[in-house]
Amino acid sequence: MRCLAKISALILGLLLSLPAHANALALSLTTPTDTAKDTTKNADLVSELISAAESNGMRVIVIENTTSQGTSGNSETPRTNAMELLPPGATSLMQIQTEVIAFRETLKGKLAQLPAAIAATEAALRKKSPSGTLRPYVRALYWSVLLLIFGALLERELYIKRIVRRWLEPDLKDNPKGYIEKIPVLIKRALLKVVGVIVSMVVAFFTGSMMFSDVPPESIQFTIAVIYIGYAACRLLSIIWRMILAPYLSRYRIPHIADKSARTLYHWLWLVSSINVIVIMISIWLGELGEESHITAVLTSVFGAVVAIANIIMVVANRKVLSSAICNGKKFIEANPVPRLLSRIWLPAAISYFVFSWLEMTYRVVLDKPISTPLIAGAYGILISILCVYGLINYFIERFFQREKRYVTLPPEETTSTSESTETPSTIETTDTGEAAEDAPTDTVINHQTLSTYEDLARRVASILSILAGLWALTKIWNVNNPLMQTSSFERGLDGIAILFFGYIIYHIVRIWIDNKIQEEGGDISLAPGDEGGATGASRLATLLPLFRNFMLVVISLSVIFSALLEMGINVSPLFASAGVVGLAIGFGAQTLVRDIFSGAFYLFDDAFRRGEYVDIGDVKGTVEKISVRSFQLRHHLGPLHTIPFGEIQFLTNYSRDWVMMKLPLRLTYDTDPEKVRKLIKKLGQRLMDDPIIGDTFLQPLKSQGVLEMVDSAMIVRVKFMAKPGDQWVIRKRVFQEIRDLFEREGIKFAHREVTVRLAGDTPQNLSEQQTRTVAAAALNDELEDEPPSSGDDR
């Protein structure tokens with residue numbers, strides 16, 4: 001906050017000092033006599049103002065102005081430090097105000113000395129020049145650039161096309177998988193490119209040595225060294241960005257960016273990075289040879305503004321590409337919440353950072369405060385380091401888990417890592433730079449919505465650690481030495497954050513382990529829409545593990561939260577006391593809830609039912625779909641979902657254990673031979689046992705139980721079969737169909753319901769139409785009363 005206040009004060013100081021800047025520049029162009037007269041008048045006026053202020057009881061702080069001491073750029077006049085004049089115990093507002101005054105006065109002085117500083121810098125450069133002019137520096141720049149271009153062309157034609165391509169082609173694959181196949185090729189190519197940069201510099205240096213045999217003066221040697229260092233830095237940055245974005249080798253590109261976007265972004269990054277390098281090199285060269293701090297400070301601020309504007313233009317022009325890369329190539333709605341948030345806030349945050357970095361640098365150079373590392377260049381260095389380290393960590397993660405998978409025998413399609421991208425191979429072309437290029441983008445969307453494996457968790461932890469390391473390095477570059485960061489409260493807060501981080505890891509380790517065990521036990525069993533239910537459910541372990549998982553995750557979460565609070569110095573004893581009182585109140589007021597929980601525990605311990613089993617509890621029946629602490633849900637085969645508290649269960653019938661016996665009654669006429677029926681059903685049962693579709697579902701074949709009973713209009717013959725739970729419904733349909741076709745072929749008839757009405761006295765011919773209807777209705781009601789009750793099975 002103090003740094004932000006300083007920057008705000010810096011802006012205010014710049015605005016307040018604009019009229020003074022114009023007066024100071026005009027003053028520097030007047031004659032010495034006029035200047036002396038004006039200085040005397042200003043001194044008298046200042047003395048009068050000071051006397052009037054002191055007589056009114058005001059405290060006056062005088063900051064010495066260096067402009068009155070001369071105009072020579074080489075004269076160093078001691079400047080009073082405004083902070084030293086502050087009384088002990090001065091408030092932060094007073095300190096900021098004092099620094100604003102110091103900044104404004106110093107800036108006015110530097111701008112007043114700017115014409116003299118420019119002349120002094122030119123004089124210093126001429127003095128160190130071998131010919132006393134600036135031409136040797138221009139000549140050194142011209143020949144160095146020309147020789148480096150010659151070295152780069154030689155590198156491209158001989159080294160890249162004849163050596164690098166031959167060494168890289170055997171390693172290139174049409175469809176590389178994951179970091180483990182991409183990273184080695186990218187690193188190898190980058191190292192070969194670095195060797196190529198060294199080759200071009202060596203060629204340029206020896207060519208120049210042969211062309212110019214004389215040893216140049218020290219200032220020219222320094223100029224050439226700065227040019228060569230700048231060339232090497234620009235080339236190295238190009239290699240690093242090319243390794244990260246792979247603009248001409250899309251099948252090896254790790255970020256999810258299209259070809260055209262990757263090339264555009266690469267050129268932008270290389271251009272802006274090169275501008276940054278050139279600005280730094282010019283500042284170093286002027287600071288070493290110019291010997292004038294005022295001109296260096298002004299140029300540093302101007303160059304910093306150029307760099308900040310170039311970076312702002314770059315991020316605005318590539319905002320969509322970078323937002324898509326942050327979302328991992330997914331659409332905004334499909335991305336995780338954290339990447340979605342970052343994709344929204346990164347652009348204003350980056351623009352604010354560039355502006356803030358320029359203002360902070362201006363503030364420091366004006367007040368002659370040391371600048372360890374330019375903030376924008378430092379941010380680029382941190383970003384590159386994070387990306388490279390993250391890629392290497394993922395490479396080692398993939399390598400480790402691939403080695404672990406070798407001990408498990410799985411089909412090839414199951415051993416493929418979930419994080420490996422599946423890219424479509426396309427035709428490879430060759431660009432004029434000697435690199436492979438692809439026309440079609442091979443963007444691949446990888447779903448990382450949940451952490452389902454330890455490898456996914458390791459990647460998540462690696463990304464979090466990379467970001468934290470980047471933030472830590474950023475504080476070091478900013479040289480943050482806030483007293484608040486040295487307090488014990490801040491350290492305890494960091495310890496609390498560390499506990500939450502390790503708790504996050506333990507939480508997901510336990511969750512993934514239990515989820516894997518559930519998958520080993522058969523996974524989640526869900527009832528498909530329209531399924532009649534009754535099949536064998538999940539194992540007992542698969543039923544209890546979800547409850548155990550929820551219990552463990554709650555325990556881990558509470559333990560981590562309480563540990564973090566204790567580490568931060570927060571007393572949690574009142575929370576435990578309050579929890580005890582609340583628990584006692586709940587115990588008295590929620591006896592039904594307690595009964596449900598204990599009943600459910602005993603049902604589960606007794607293994608009365610499991611997930612996926614078909615149960616009947618009297619009024620409700622269906623497939624067990626979900627089990628919680630106090631209730632479970634039954635999905636009826638017609639669709640309704642019933643939620644039943646455990647305490648409401650009086651009895652429970654389970655239809656999905658071990659086996660099921662299905663008995664089917666057949667109504668046959670009295671002239672049917674029961675023995676013939678028995679033999680036909682037996683042969684049908686043997687044939688169904690050999691059926692390729694339902695044969696394996698039989699536990700006992702279909703057979704006849706003989707005549708069950710004799711009714712008025714039919715002889716009831718019953719058949720039965722034993723099957724696996726859940727399969728009896730399919731078998732029943734097939735059995736009815738086969739029996740109907742079999743009896744039709746054998747001439748066996750099914751008995752229809754008949755009602756015989758005997759009338760006393762009158763013959764049927766003498767009955768009226770109304771009497772006939774009355775007799776028929778009475779007979780039908782009597783038949784329905786004699787009909788056996790339905791089982792209620794509507795499947």
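In table form, for the structure just shown:
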{"quantity": "Of all accessible heavy-atom area on region 170-319, the percent that carbon and sulfur account for (1.4 Å)", "calculated": "74 percent"}
{"quantity": "Shape category assigned to region 239-391 from the gyration tensor of Cα positions, a/c cut at 1.5", "calculated": "prolate"}
{"quantity": "Calculated FRET value between Trp659 and Asn516, using beta carbons and R₀ = 25 Å, to 0.05", "calculated": "0.20"}
{"quantity": "Per-residue HN-Hα couplings for region 659-667 [Karplus 6.51, -1.76, 1.60; θ = phi - 60°; Hz; x = Gly/Pro]", "calculated": "8, 9, 9, 10, 10, 10, x, 10, 8"}
{"quantity": "Mean Cβ count within 10 Å, highest first, over the residues of peptides 637-643, 703-709", "calculated": "703-709, 637-643"}
{"quantity": "Nitroxide proxy distance, nm - points 7 Å out along Cα→Cβ at Ile464 and Ile716", "calculated": "6.7 nm"}
{"quantity": "Debye log10 I(q)/I(0) at q = 0.21 Å⁻¹ for region 135-180, Cα point scatterers", "calculated": "-0.76"}
{"quantity": "Förster-model FRET efficiency, 60 Å R0, Glu769 and Lys682, C-beta, rounded to 0.05", "calculated": "0.75"}
{"quantity": "Protection proxy ranking of 334-345, 208-219, 153-164 - average other beta-carbon atoms within 10 Å, highest first", "calculated": "153-164, 334-345, 208-219"}
{"quantity": "Projected-area average for region 214-300 over all orientations - Cα convex hull basis, square nanometres", "calculated": "7.5 nm²"}
{"quantity": "Proximal lysines relative to Lys517, as straight alpha-carbon distance under 20 Å, when same-chain residues fewer than 8 apart are discounted", "calculated": "Lys405, Lys626"}
{"quantity": "Kirkwood-based shape ratio for region 284-371, expressed as Rg/Rh from alpha carbons", "calculated": "1.19"}
{"quantity": "Stretchable slack from Met689 to Arg740, in nm (0.36 nm times residue separation minus alpha-carbon distance)", "calculated": "16.6 nm"}
{"quantity": "Reachable lysines from Lys663, criterion Cα separation under 30 angstrom, eight or more residues apart if same chain", "calculated": "Lys621, Lys676, Lys679, Lys682, Lys683, Lys703, Lys720, Lys724, Lys733, Lys749"}
{"quantity": "Cα-based reach from Lys188 at 19 Å (exclusive), listing lysines while leaving out same-chain residues under 8 positions away", "calculated": "Lys161, Lys173, Lys177"}
{"quantity": "Per-peptide average of other Cβ atoms within 10 Å, ordering 603-615, 123-135 highest first", "calculated": "603-615, 123-135"}
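The values are calculated or read from the model by the stated rules, or taken from the named source; none is laboratory data. Not measured: the values here are computed from a predicted model. Glycine also receives a Cβ, built like all others from the backbone with ideal geometry; neighbour counts cover every protein chain displayed. Only protein heavy atoms, including side chains, enter the accessible area calculation; ligands, DNA and RNA are left aside. Shrake-Rupley method; radii C 1.70, N 1.55, O 1.52, S 1.80 Å.
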